[in-house]
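Taking it in order: structure first as structure tokens, then the write-up.
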Amino acid sequence: MEFIVNRWYPLCLFEELEVKNPLPKKILDKDLLVFKTESGQFSVIEDRCCHRNVNLSLGYVKGEHVKCAYHGWEFATDGTCAHIPSLPAEKKIPTSCKVDSFPFRTDYDMIWVWLGDESLKDSVDIPPMPEMTKLPRVYNYHYFKADLMQVAESLIDAYHINHVHRHSIQGIMGELHNEQVDFNIEKGKDWLTGTYLRKNEGSIFEKFYFGFQPYITTHFGFWFPHTSKLDIRFVNRKMVIYEFFYPVDKETLSMCQITLWENIFSVSRAFAKWFMLRKSVRIVEEDLVFLENSKKVKSKYQKPDLLVTPSDEVSFEFAKIWRVNTSRENES
């Protein structure tokens with residue numbers, strides 16, 4: 001698994017952070033610590049105390065510092081050691097007492113971290129996600145072993161919904177008759193978006209709630225290398241699913257799925273969150289069965305994917321973007 005480093009990576013949502021609770025994360029084999037100071041400042045540093053090499057995530061936030069729970073060393077937001085309890089007051093803290101810090105951005109109520117060449121960070125955009133700050137949302141994390149490229153494509157694969165998700169969201173999203181889809185695709189150098197129609201064949205109860213329109217418009221998107229989007233439009237309601245995926249290390253992938261909605265179960269926000277989280281987790285679990293299985297089968301038989309039908313149009317375009325940008329990353 002080759003790491004793609006020169007991109008902004010989604011590190012965490014604002015709601016994952018609480019004062020006095022530093023949050024450990026691992027991305028591209030780097031152990032990171034993100035924390036929020038009591039004044040509301042964010043920081044992303046190495047999850048390691050340079051004193052005795054234990055994880056700073058075992059500690060806690062104290063004022064504007066994160067405090068190591070082993071010997072009480074405190075680190076500022078830039079990774080420098082700000083206080084050593086056992087150091088005499090007349091002595092200065094050595095300049096070597098510091099840990100790495102990492103550039104980060106706060107967009108869409110999320111923290112994004114940069115792990116690559118810092119001279120390139122201003123030339124790379126974060127995917128557009130306007131719904132993230134406007135709609136209610138729930139999120140869930142999963143860790144698994146699968147092929148990164150296949151995971152990246154999974155959410156924009158229109159055809160698997162009829163089969164993989166036949167018991168969870170097929171009725172709500174509609175049916176693909178005869179497995180044929182006319183895609184409207186737009187693409188850039190590192191992104192792909194599009195729309196297609198699914199016939200509205202939900203139950204009578206679903207139609208009463210979501211609408212009796214003959215077709216349901218589905219929007220999809222992919223932004224290299226870690227973000228996919230599914231946007232389902234009803235008459236007066238909407239559901240949006242984002243998936244963020246990246247290597248934790250050489251063997252394991254992480255996926256964070258965020259589900260947002262508009263005008264769904266508006267009477268009870270608590271019930272809406274419970275229902276959406278329950279549904280979202282089930283959707284991911286259904287996908288992971290096949291994503292993990294595909295990696296096992298490919299490793300055994302060493303056979304490439306056989307994309308031979310017009311229905312694989314989105315997969316063809318996705319593969320081009322993936323190959324071009326992976327090559328560009330390796331060159332840089």
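Strictly under 4.7 angstrom between C-beta atoms: which cysteines of the chain have no such partner?
Cys12, Cys50, Cys256
Between helix 269-301 and the chain, what is the angle of the helix's C-alpha long axis to the longest principal axis, kept within 0 to 90° and rounded to the nearest 10?
For 269-301 against the chain, the angle is about 90 degrees.
Put Trp191, Trp73 in order of accessible area, largest first, 1.4 Å probe: what do you get?
On the way: Trp191 80, Trp73 25 Å².
Accessible-area ranking of Trp191, Trp73, largest first: Trp191, Trp73.
Pairing the Cα long axis of helix 313-331 with the longest principal axis of the chain, what angle in degrees results, from 0 to 90 and rounded to the nearest 10?
20
Over the chain, what is the relative contact order in whole percent, taking alpha-carbon pairs under 8 Å and six or more residues apart?
On the way: 618 pairs, mean separation 55.0, N = 332.
Normalised by residue count, the contact order of the chain is 17 percent.
Which order do peptides 285-291, 120-126 fall in by mean Cβ count within 10 Å, highest first?
Details: 285-291: 17.0, 120-126: 12.1.
The peptides rank, most packed first, as 285-291, 120-126.
Which ³J(HN,Hα) values, rounded to whole Hz and listed in residue order, are derived for the stretch 35-45 from phi using the Karplus coefficients 6.51, -1.76 and 1.60 in 6.51 cos²θ - 1.76 cosθ + 1.60 with θ = phi - 60°, glycine and proline given as x?
My calculation for the stretch 35-45 gives 9, 10, 6, 5, 8, x, 7, 9, 8, 10, 9 Hz in order.
Could you look at the stretch 41-140 and say what percent of its accessible area is carbon and sulfur, using a 1.4 Å probe and all protein chains? Could the numbers behind the result be given before it?
On the way: 2480 of 5270 Å².
Result for the stretch 41-140: 47 percent of the exposed heavy-atom area is carbon or sulfur.
Note down the accessible area of Cys50, probe 1.4 Å, to the nearest 10 Å².
Accessible surface of Cys50 is approximately 30 Å².
Which net charge results for the neighbourhood of Leu87, defined as the other residues with beta-carbon distances under 15 angstrom from its beta-carbon, given Lys and Arg at +1 and Asp and Glu at -1?
Details: positive: Arg52, Lys67, Lys91, Lys92, Lys98; negative: Glu74, Glu90.
Summing Lys/Arg as +1 and Asp/Glu as -1 gives +3.
Rounded to the nearest 500, what is the 222 nm mean residue ellipticity of the chain from helices alone, with -39500 (n - 2.57) per DSSP H run of 4+ residues and division by all residues? Walk me through the intermediate numbers first.
Values: 6 runs with 74 residues, N = 332.
-7000 deg cm²/dmol, from helical runs alone.
Mind checking the per residue accessible area of the stretch 1-156 for me, 1.4 Å probe, whole number of Å²?
Details: 7550 Å² over 156 residues.
Per residue, the stretch 1-156 has an accessible area of 48 Å².
Sequence gap at least 6, Cα distance under 8 Å: using those rules, report the relative contact order of the stretch 80-132 to the nearest whole percent. Mind dumping the intermediate values first?
Numbers: 32 pairs, mean separation 12.8, N = 53.
Result for the stretch 80-132 is 24 percent.
Largest first, please: the extent of the C-alpha atoms of the stretch 125-266 along each principal axis, to the nearest Å.
47, 35, 30
In terms of the ratio Rg/(2.2 N^0.38 Å) built on C-alpha atoms, what value belongs to the stretch 13-118? Let's see the in-between values first.
Numbers: Rg = 13.5 Å, N = 106, 2.2 N^0.38 = 12.9 Å.
Ratio of Rg to 2.2 N^0.38 Å for the stretch 13-118: 1.04.
In whole Hz, what ³J(HN,Hα) sequence does the stretch 107-118 give by Karplus (6.51, -1.76, 1.60; θ = phi - 60°), x for Gly and Pro?
Each residue's phi maps through the Karplus curve to give 10, 6, 6, 9, 9, 10, 10, 10, 10, x, 5, 5 Hz.
Which one of Asn200, Asn293, Asn162 has the biggest mean-square fluctuation once the chain is modelled by GNM with Cα springs under 10 Å?
Sorting by GNM fluctuation, first place goes to Asn293.
Calculate the length of the line joining the C-alpha centroid of the stretch 281-305 to that of the stretch 91-111, in whole Å.
38
Going from most exposed to least, what order do His167, His219, His226 have by accessible area with a 1.4 Å probe?
The residues order as His167, His219, His226, largest area first.
Whenever you get a sec, compute what percent of the accessible area on the stretch 186-332 sits on carbon and sulfur atoms (1.4 Å probe). If you can, show how the numbers build up before the last one.
On the way: 4460 of 7810 Å².
After summing per-atom areas, the C and S share lands at 57 percent.
Can you pull the accessible area of His165 for me, 1.4 Å probe, Å² to the nearest 10?
0
Given a 1.4 Å probe and the protein chains all in place, what does the accessible area of Phe224 round to, in Å² to the nearest 10?
10
Sorted by accessible area (1.4 Å probe), largest first, how do Ser228, Ser268 line up?
Numbers: Ser228 0, Ser268 45 Å².
Of Ser228, Ser268, the descending order of accessible area is Ser268, Ser228.
Report the charge-dipole magnitude of the chain in Debye, nearest 20, computed about the Cα centre from +1 at each Lys and Arg Cβ and -1 at each Asp and Glu Cβ.
700
Listed here are the pairs Lys36/Lys134; Lys121/Lys279; Lys26/Lys295; Lys20/Lys229; Lys229/Lys320; which of them are more than 29 Å apart at the Cα?
On the way: Lys36/Lys134 23 Å; Lys121/Lys279 36 Å; Lys26/Lys295 22 Å; Lys20/Lys229 33 Å; Lys229/Lys320 18 Å.
As for pairs spanning more than 29 Å Cα to Cα, those are Lys121/Lys279; Lys20/Lys229.
For the chain, what is Rg from Cα atoms divided by 2.2 N^0.38 Å, rounded to two decimals? Present the calculation step by step, with values, prior to reporting the outcome.
Details: Rg = 22.4 Å, N = 332, 2.2 N^0.38 = 20.0 Å.
Working it through for the chain, the quotient is 1.12.
The values are calculated or read from the model by the stated rules, or taken from the named source; none is laboratory data. All values derive from a computational prediction rather than experimental measurement. For neighbour counting, all protein chains shown are included, and Cβ atoms are generated from backbone atoms with ideal geometry for every residue, glycine included. Heads up: the accessible areas ignore ligands, DNA and RNA and are worked out on the full protein's heavy atoms, side chains in. Shrake-Rupley method; radii C 1.70, N 1.55, O 1.52, S 1.80 Å.
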